[in-house]
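The numbers here are math on the coordinates, done by the rules we state, and not lab data. Note that this is a predicted model, so its numbers are computed, not measured. Reconstructed Cβ throughout: ideal geometry from the backbone, glycine too, with neighbour counts over all protein chains shown.
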Amino acid sequence: MLVRGANDEEATMAVAAYARIAEDLRGRIASRKIKPGGPLPSELELRDEYNVSRNTVLDAIKKLKDEGLVETRPGQGWFARIRIVPFVNSFDWADDTAIEQARARGRVPRAAPPTVNLQPAPHDIAELLRVPLGTEMIVRRQDWFLEELPWKQQTAWCPKAWYHRGARRLLIAEDIPEGLGAYLHAALDLRPCGTKFYFLPRKPSSSEIDFFCFPDESDPPYVIELIRTACIADDEGSRPLYTAVGIYAGDRNRFESSRSALPSERSVTSPSALS
């Protein structure tokens, strides 16, 4: 008869313990209880929670690192590894269209409730909206997520004059599902007249690094700043309606344009090719 010794039993228990810890943490990551890019409990917290040794905790973490689920950030701890699946955006989409397209592609989009406040127009916004510097603006800021991974930050600047003309939802800290432009056109009986775009890849600020859960490295991924100024048509011609500044994580966003080519841009078949 084979008799197992105490050392064998202890080894078996240790294996079972690290596998159990790994399975538990794997489940927390899958269920988003530990968010993408978010921290795992510390070594001391895991030792206390599971009543195990340091080596058992380290074995569990190693297993998750081998599976590509966890990464170590020196001096900070262990973090759930971000799995990037880039999303292709169109310059021509309104906000509601972007949400619809994400869902149609099997993604899980979410927009956090906006924050709303009043601010004087800074120089760049005043210039884009063709209003005097310091004009009172309604500023609506909103964070967007895909599978709970930060997708973009958006800040919309609207002259408060639109509120006084009847666009009362501008000052309510609630989402506008149909999109800001569609709401303003309907509420104020306005005619859309195109959109102007400014597109700027750049290095992220410290707050953007934190929001997008970028690795704490000397050369983090870039962000894409997309400034859209929607315009309306009236008796005096075209004029700006509002400006939206979107900050997109460069490692998880791609862009395309789906607009039709202008007549001058379309290819022309030569008569000889038709013969």
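Tabulated results
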item	result
Inter-site label distance for Ala19 and Phe197 at 7 Å from Cα along Cβ, in nm	5.3
Trypsin sites (Lys or Arg not before Pro) lying in DSSP loop within the range 76-113, provided at most 13 other Cβ fall within 10 Å	Arg83, Arg105
Förster-model FRET efficiency, 45 Å R0, Ser53 and Phe91, C-beta, rounded to 0.05	0.25
10 Å Cβ shell holding at most 10 others, DSSP loop, GluC sites (Glu not before Pro): longest site-free stretch of the chain	1-173
3J(HN,Hα) from dihedral phi, the range 152-168, Karplus parametrisation 6.51/-1.76/1.60, rounded to Hz, x for glycine, proline	7, 10, 10, 10, 9, 10, 10, x, 4, 4, 5, 5, 5, 7, x, 7, 5
Derived scalar couplings ³J(HN,Hα) [the range 194-204; Karplus, 6.51 cos²θ - 1.76 cosθ + 1.60; whole Hz; x for Gly, Pro]	x, 9, 9, 10, 10, 10, 9, x, 7, 6, x
Residues whose placed amide H lies under 5 Å from that of Ile82, excluding near-sequence neighbours	Gly37
Fraction of alpha-carbon pairs over 25 Å apart in the chain - percent	60
Across Lys62/Lys203; Lys35/Lys203; Lys33/Lys196; Lys33/Lys65, pairs whose alpha-carbon gap is larger than 29 Å	Lys62/Lys203; Lys33/Lys196
Helix-only CD estimate at 222 nm, as mean residue ellipticity for the chain, using -39500 (n - 2.57) per DSSP H run (n ≥ 4)	-9000 deg cm²/dmol
Per-residue HN-Hα couplings for the range 146-151 [Karplus 6.51, -1.76, 1.60; θ = phi - 60°; Hz; x = Gly/Pro]	10, 6, 6, 8, x, 10
Calculated P(r) tail over 16 Å for the range 7-80, as whole % of Cα pairs	45
The range 220-251 versus the range 132-181: alpha-carbon centroid distance in Å	12
